Structure formats: structure tokens, C-alpha cells
Amino acid sequence: MSAEPSTRYDPKATEPKWIDAWVREKVGHADPGSEAARAGRVFTIFIPPPNVTGVLHMGHALNGTLQDVLTRLHRMRGFETLWLPGTDHAGIATQNVVERLLAKERKSRHDLGREAFVAEVWKWKDEYEARILGQMRRLGTSPDWDRLRFTMDAGLTAAVRHVFVDLFHRGYIYRGLRLVNWCTRCGTAISDDEVTHEDVEGRLYWITYPWADGSEGGMTVATTRPETMLGDTGVAVNPDDERYTAFVGRKLLLPLVGREIPVVADAYVDKSFGAGALKVTPAHDQNDWEIGVRHKLAAPCVIAKDGTMSDEAPAAYRGLDRFEARKRVVADLEAAGHLVKIDPNPHSVGTCDRCHTIIEPLPSEQWFVRMRERSPKEPDRPSLADLAIAATREGRVRLVPERWTSFYMHWLENVRDWCISRQLWWGHRIPVFTCTKCGHADAYEKDPAACPECSSPMEQDTDVLDTWFSSDLWPLSTLGWPEQTDELRVFYPSSVLMTDRGIISLWVVRMVIMGELYAPTVETRGARTEPFRDVYIHGTILDKTGRKMSKSLGNGIDPLEMIDRYGADAVRFTLVWMTTEGQDLKLDETRFEMGRNFMNKIHNATRFALGVVDLGKRLDPDAVLAVEDRWIRTELTRTQRVVTAALTDYKFSAAAQVIYAFVWDNFCDWYLELVKPRLQVGGAAADGAKKTLVDVLVGICRMLHPIAPHITEELWEQLRPWHGVATLLAKSDWGEETFDDDDACTAIAAVRETVEAVRKLRAESRVPEKEKVDVLVVPKTESAWARLADAVRSQAPQILRLCQASSLRVERSAPPKENASGLISLGDVFIDLAGKIDLVAERARLVKETEKTGQAIAAARAKLANESFTSRAKPEVVAQERARLAESEEQAVRLSRLLEALGG
RNA sequence: GGGCGAUUAGCUCAGCUGGUAGAGCACAUCCCUUACACGGAUGGUGUCGCAGGUUCGAGCCCUGCAUCGCCCACCA
């Protein structure tokens, strides 16, 4: 005899084994040549590739769990299933990490040089990637590890380059001098979508600029950024503003600088804000830039790319940090008598979403993708934005929850051109080459040997592409595009994309664009172009007080720590339980106890089953299924149906809850208890129970496996002698339960009611559980007799056990003199309290019941007396109400009889 | 300034196309009954944010308001 398995499920003892087995057995492997694949029974998910710099956080755990649930479900249901894993090179983030490490050695990337630096980043990439993939495995995920991709893999790089060259030649990519969002810390331009607006206290500085001709007065402007006044080249007023119309065309003298600047009229200016006059700094503000263009104002760039005041600023300020310069400028303006006042002015400033440094708008030459406008070279084709709009408008891409559609549309309708060049070293280098001699420039898929015009050497652009440019090709490039692979033909488009709302614009929308542009170059299933059919936007994980989890707040919950403490299945189950459509998840660590307790419950139910069933021993083939066997099998069938429907409809929480209720309430609390007496008796009756017991456990394994893969795989192995399936559960069939017996459900319902009634009477009459009671059941009518008496009599041993009764009788009347009584739907239940009855208390209970029933009767009567109800409500609703009334009235009669019997 | 979401039991949340409010946790009482105390039995608690409206009937539909949160936005 081996040692008894512990009453505590120990995930640490089982999980690693199965994680290894799934990898070893290539559970996630997807075969484009399979029968299912050929039949088009395919399910694909592309993972949102986590950044290689990151560690798995709760958001990843949720995201990964949900994907794995769907992946495992579809795999079991016979779909050729591909969940494609991978990681993202995350240009800025990764470069930042490595630069910080270098900084500890007092080195910068420039000390290493580009090549050596990039080599250094690759080393880090390998380490971080291995770590995050290990974390994913620890969660129990089952992607196709053989198809692991990285956004800078050779194949993906080729795809990126191909697309850049194509978009360049087709006129969608252009280079231009624009005001861009410049991060002075990262030293690169970033796109509009990478700018996060943060609220700051802020101040509004009122400054007077004197007239250039020396005449009295001047004009007062208000600004939140006084340091930019050094770059002012005009003051704008609204053309309809009578206060100022006379001044338009006059010149002001810019304090501290001494430059003469004109007053211009521009409709952009809001008369009611501030002084109604706007200082115009074209080089450091988007609106001013546009005003500058309209009025042909110069745009001196007084702030350099490192955030210090540039050479174009007066000598006194050069080299000062922009915020230091602000103080200095204000002080100097005040000293010179130009500062009027300073008002508090809360507003928001753009910050870099990677490092939270305040963004400096700067004029800069960058590469852009044309979004809203059509390409001048392809005037007959829709703009890129319109491609994505059409995909959703035509219902080819569906967002869940549906409300995100309007967000998606709104973004596309207002998007500006996308700045794709980054002044970084880590990333896909822009494949544009310029002739060192004649200046000829073009984009090339293969590095050109020499200038095609003059044969001189050519130099490649030093910038790299926005990371999202490569992520946006993910669904295509990971399947081998632009090669025409079998994978592409079979697995594109994917079934669903699971992601967080934070990257709908950055990633989701642009993937759609890329799909619309390039998927037509392959024969996809159903000739579909969009990269995914559904986009499921799950909630964001928050801490228990509702704040986002973040490193800086230190309020994060580490999923690996939770997995260590509660087990991966518990973490997964809890997360799935909490995932209701699109709602954020307020997470407290203790929530995982629920998952853990549930796993423990299953563990112990299994312990019980294996303790009573010898799996190797053949059972009586003629063993008849008892009513409770038929009942639990029916419940299993119904539960499985709900689970399948819920999961395929992304109702994750509903699926988890229905399994939980089945296992805990029906199987453990009732079935196992009902079956114990039979198991003790043994023989053919016990065999029916044993069969059912194990069959249901097998069913639970299957149905729960997508959510809690480890424990079910473990259980599946233990049950192997029974089910005889050689493969891992992860590779087995979902199976469709079909057993259905409504009469059995009715019978068990009667038994349950009876037991519950006795327990209730016992508790209310304060009869300790150790004390046995005599139970009498009196069916209320002859027709009830048939149903109730049979059920109760056939389940007598079980009932005796479940309510600690010494005897159980079913009779037409004759209750004991001193009793506690209660109603069930088919009759009355009595327990004999001879000698220990508290008549007062018993009567009080019945009176209370009577009052409740009286209220129900009154309510139902009032409703039915309402003519408009009976005439306008649906007939079945009225009928239901009538039945309810009849039931209550009948109960009232029974109650009064019971009361009478007590001498009340 | 707009848009969206939330507001239901002490807490965290379900509640499908309108027809007598549910779960988990917590709580109270009693139980270490031979699977499980990470357990069992029993038990409560809700004017479903506020104010109107539609309807025979509203947590669910409509209007307005309030509070909280998220996102978008060129009022310096």
C-alpha cells in the first residue's frame, strides 16, 4: 500500500510534469496538412507578442489564459488549432533597458558604436525572451512552440522590408519636415499614438510684448510655456476680435530677444481664452506651426533635441535645460517689467508613453505613412484608413464588446499621418539608400551595390522603423509571408485576437490595414483578407482599490508568485471566473483562494472515487444505472453544453461558474453523498454507481481542461485504466455527452427537497445532528404520491444518511403528535419531536410561513384582479401567475392544517 | 470640451431579447459524520445611484442628474 494521497492538492507536484509533457508531445503543434485543415476546420490565434524586455504581469497572465482556454477547447473539438507564440523586439523599450545597463558601467551606446550595441541588445533579447517564454509555460499555455516568432527574425524582417519598399514605391510612405513628437530622453521622434497626456498643475503666464515702434503699450499674451517665447515669430489674434483688429499688421518687439514680430489675424485664436492674443512659436507647438505656415512665419527652433535651449536662443539661455530656461525667462521678463501675472492653469501635457518625459514638439525630417489621404500614385485606391474602416463596416472584423467599434472608427476617421522613423539603433533599419554623390534615393529590398544613376556608393538611412510597423505585419509575417506558404493558406485569417483595449489603435487597426493591403497576395481561406474575424477586448487588471497595477505604484500582483502560492490552475480558473465581457478586473490576491479551493475539491472528489473504484477491475456489464446515476449524467450533459456554448461565445465567467456549480454542488455535495450507501452495499448496484462516478470524473476532466489543464491532465492519467485513451488529455476529444433523463432529474429534485426540508427543520428546532430523527413524508395528493413516494422510497438509505434519520416513512397521513413540519412542493415533511418539542417555537415558525404565503397570495391576487394585466400580458405569463396563486393557496391550506395539528 | 464604462447583499461582481433578484468572499449558528475544515449543514441581509417617463409590469427600455473611472481632444 502506498501512502494515502494528501487531502491537499499540491500543484507543485503535478504541474511541472505536465508542462514538460505538453512541450515534449508537441501538444500545440498545428499541421496545415491535416484532414481537419483540409476541411477548413481551423482555429487560429496570434498571440499579442509581449515585449522581450518585460516580465509576465497579471495582464499577460489573463491574456494568455484566455487564449489558451480557446486554444485548448478548439483543439479538443477537433479543429486544426494554431496558437502562434512570439515576442516583440520593442524598439524603444528594449534599447532603453540596455542603455540603462550600460549606464551603470558609465558607458553610452555611442561608446560601443552601432554594431556592437545592437549585438549587445541581441544578447539581452535572448535572455529576456527565454524568461518570458518560461513564464508563459509556467502558466500552462499550449501554443505551437515550433512556430515561435520574434519580430526581428529573418523572415519577419524580410516581410517588413518588402512592405516598406512596396508602400514607398506606391506612394504611401514619404519623407517630410513636420512638427513631430520628440522625446528628449529617448532621443527619438515618436508617433501620436505613443504620446500619453498627463494632467499637470501648470500655470498661465501673462506677458506683455511692447510695440516695436516704441509707442505706448503693447500686447499681452498668455502662455503655459514662457520659455518658448524665445522662438516666437508672431502674435495672432482672431480676425473678428474688435479689441485687436486695428493692431493686425503692426510689429511687436519680442522681449529678451529683440526680434520684431508681426501681429497676424488667424481664425484659430479663441477670443475668450487668456488675453485673446496668442504668441506664435511655430517650432514648438503644433497649432503655432500651422499658423506659421499660413502666415509664412519663420520657425526658429530654440529647443534642441536634448531638451536644452539651442543656439537659436539668445546666448544667455543656450545650453540650459528647457525647464530651467523657463524659470530664467520668467525671472528676466519680470525684471524687465513684462510679466503681468501668473495664474494657476491645470492642463495636460503630452508625455512619452515609454519614459513619461514631457514631449517636445520639434520640426524634424521624418518618414511618414499616409493614412487618411489616398496615395498620389494610386488615386483610385482607398486610403489606408478607409481600408480598415471598410473591413469593420462590412462586418468582416467584429469587435467584442461591440462598443469598441466606434472607438476604432473614430480613431481612423481622425488619424494623422503616422510617423514611422525612430532615431534608434534597435529595430528594422529603414531600407532607403541615398547616393553619396548624386543624391539619388530609393528603397530597396536588397542592399544596392552602387547607385543605379552614377554608380557611386550609397548609404542607408540611419533610422529604424517604429516597432509597431513590424507588429502590424504579425499575422502575415509569422506565417511566412511574403512567401506563399501552406501555413498562410490554412491558418490565415485567424479566428480571434485577444487583447487589451490599450493597443486597439496602435496595433489592431493597423494589422487590419496590412491584412487588407497584403493578404490578397495569398489564397487565404475563403479568400479573406482581414487578419482576424473577432477581436475580443478583455478588461484591464486593476488592484483591489481600482488603480492600474504599475511598477511605480508598487501595487502589482506577480502572477508567478500567485502560481507558486496557489497553483497555475487556480490562477487560471480565478481569472476566467472574473472575466465578464470587457469589464476591468479588480484583483485582490485572496481571490485566488477560490480557484485553489476548487482544485482541492476536485482533488478530493477524485481521491474518494479512486478509493472506492478499482479501475483495473471489470465491472458488472449489466449494472443498472440508478436514478441518481441517471440524474448526474444528465446534469453533466447539460453542463457541458452550456460550457461549449459559453466559451465559443467568449462568456468566460459563465463557463467557469457553471462548471464550478456542477462539480461542487451537484457532483460533490449531492451525487457523492447519494451514492455512498450503495457503494457500501456493493454488488451490481454499486457497479452502476462506480461506473457513473468515474464516467463523470472523466467528463469533468474534459470540460474543465481548457481552463485548468494541469489538474485535469493529472486526473486523466490516473483514470487512464478506465478510459483507455492513450493520448494526453490535451490531445483528446472534447466529446459530446448525450445522456439525458428528465424523470431522473425530477426524482432527485424531490429527494433533495426532502433532505433539505428535514435539515432545515432540524436546524430550526435545534435538534443536534448526532440525534437521529424519525421522518415522515406525506404526499399532498394522489398524483404527488406517485412521484414523491417512489423517489423517496427508492432513495431511502441515502435520505436516512443525508439527514441523519433513524426511520423514513411515506404515508398518506397520521403525522406524529409532536412534530416539526414543513412544506415541499409535493407534500409535507415531518420530524418526530416526541418529548422534546417546543410547541411555542414550532407554532411561531408555521405562523411565519403562513404570513409569507399570505403575502404571496395577496400579491398574486392583486395582479390577477388587474384587468389590464390579464388582458395585456402574454397568456403564458398570466397562466404562470394563476398557477402561482393556486400553489400558494394550497400551501396556505396545508400550513393551517399543520398548525391545527399542533393545537394552534 | 467630447466619448465610453461603472453605480445591484458588508466586499468583488453576475443578471440573456422587460414577468416574483444571484454567485464568490466575508458574516452568524451548529458540526473534525469513514473525499475534502482550502470542508459540511443551516441562516440572514438588497427602496438594484437619484429624479422623471414608457409599460399591465422595469435592475433591465427612454430622458435628465449625481458620483467614480477610462479614453480621446490643438483653447495657448
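The values are calculated or read from the model by the stated rules, or taken from the named source; none is laboratory data. All values reported here derive from a predicted model rather than from experimental measurement. Counting neighbours? That spans all protein chains shown, and the Cβs are built from the backbone with ideal geometry, glycine included. To get the accessible areas, we keep the full protein, side chains included, count just its heavy atoms, and leave off ligands, DNA and RNA. Shrake-Rupley method; radii C 1.70, N 1.55, O 1.52, S 1.80 Å.
Once you reduce region A:462-529 and region A:745-802 to the center of their Cα atoms, the two points are 62 Å from each other.
Remark: region A:758-853 projects, on average over all directions, an area of 6.0 nm² (convex hull of Cα atoms).
With the convex hull constructed from alpha-carbon coordinates only, region A:165-268 shows a mean projected area of 10.6 nm² over all directions. Here the relative contact order of chain A, from alpha carbon pairs under 8 Å that lie six or more residues apart, stands at 12 percent. Per-residue extension of 0.36 nm, minus the Cα-Cα distance of A:ASP153 and A:THR727, leaves a gain of 203.3 nm for this segment.
Translational diffusion coefficient of region A:534-631 at 25 °C, 0.890 mPa s, Stokes-Einstein with Kirkwood Rh over Cα pairs, in µm²/s as a whole number. It comes out at roughly 147 µm²/s. Value of Rg to Rh for region A:338-416, rounded to two decimals, is 1.16; Kirkwood radius and Rg both from alpha-carbon coordinates. Pairwise Cα distances in region A:415-473 exceed 15 Å in 54 percent of cases.
Rg and Dmax of region A:371-524, based on Cα coordinates, read 18.0, 57 Å. Round to a whole number: what % of the accessible area of chain A belongs to carbon and sulfur, probe 1.4 Å? After summing per-atom areas, the C and S share lands at 50 percent. Taking region A:610-737 on its own, what percent of its Cα-Cα pair distances exceed 20 Å? Tail of P(r) above 20 Å: 45 percent of Cα pairs. Amide hydrogen proximity for A:ILE430: with H placed 1.01 Å from N in the peptide plane, the residues at 5 or more positions away or on another chain lying under 5 Å are A:ASP463, A:VAL464, A:LEU465.
In percent, rounded to a whole number, the relative contact order of region A:640-791 is 15, using alpha-carbon pairs under 8 Å and six or more apart.
With a cut-off of 13 Å between beta carbons, the residues surrounding A:VAL69 carry a summed charge of +2, where Lys and Arg count +1 and Asp and Glu -1. When you restrict to C-alpha pairs under 8 Å that are six or more residues apart and normalise by the size of region A:120-245, the relative contact order lands at 9 percent. Over all directions, the projected convex hull of the C-alpha atoms in region A:247-343 averages 6.8 nm² in area. Within region A:442-521, the trypsin sites (Lys or Arg not before Pro) that combine a DSSP coil assignment with at most 15 other C-beta atoms in a 10 angstrom radius are A:LYS446. Restricting the calculation to Cα atoms, chain A shows an Rg/Rh of 1.11 when the hydrodynamic-style radius is the Kirkwood one. Of the beta bridges in chain A, as assigned by DSSP with both residues counted there, near 70 percent are antiparallel.
Modelled label positions at A:THR245 and A:GLU413, each set 7 Å beyond Cα in the direction of Cβ, lie 3.6 nm from each other.
The mean accessible area for residues of chain A, using a 1.4 Å probe and ignoring ligands and nucleic acids, is 43 Å² per residue. Rounded to the nearest 20 debye, the dipole size of chain A about its Cα centre is 1480 debye, using +1 on the Cβ of Lys and Arg and -1 on the Cβ of Asp and Glu. Taken along its three principal axes, the alpha carbon spread of region A:698-770 comes to 54, 29, 24 Å, from the longest extent down to the shortest.
Solvent-free Debye calculation, one equal scatterer per alpha-carbon of region A:613-685: log10 I(q)/I(0) at 0.15, 0.16, 0.26 Å⁻¹ equals -0.63, -0.69, -1.15. 3J(HN,Hα) along region A:351-359: 10, 6, 6, 8, 10, 6, 6, 5, 5 Hz, from the Karplus curve 6.51 cos²θ - 1.76 cosθ + 1.60 with θ = phi - 60°, whole Hz, x for Gly and Pro. All other residues whose Cβ lies under 12 angstrom from that of A:ARG250 are scored, Lys and Arg at +1 and Asp and Glu at -1, for a net of -1. The three principal axes of the Cα atoms in region A:170-227 give end-to-end lengths of 57, 33, 18 Å, sorted in falling order. Each principal axis of the Cα cloud of region A:88-207 was evaluated for its coordinate range; sorted largest first, these ranges are 64, 44, 35 Å.
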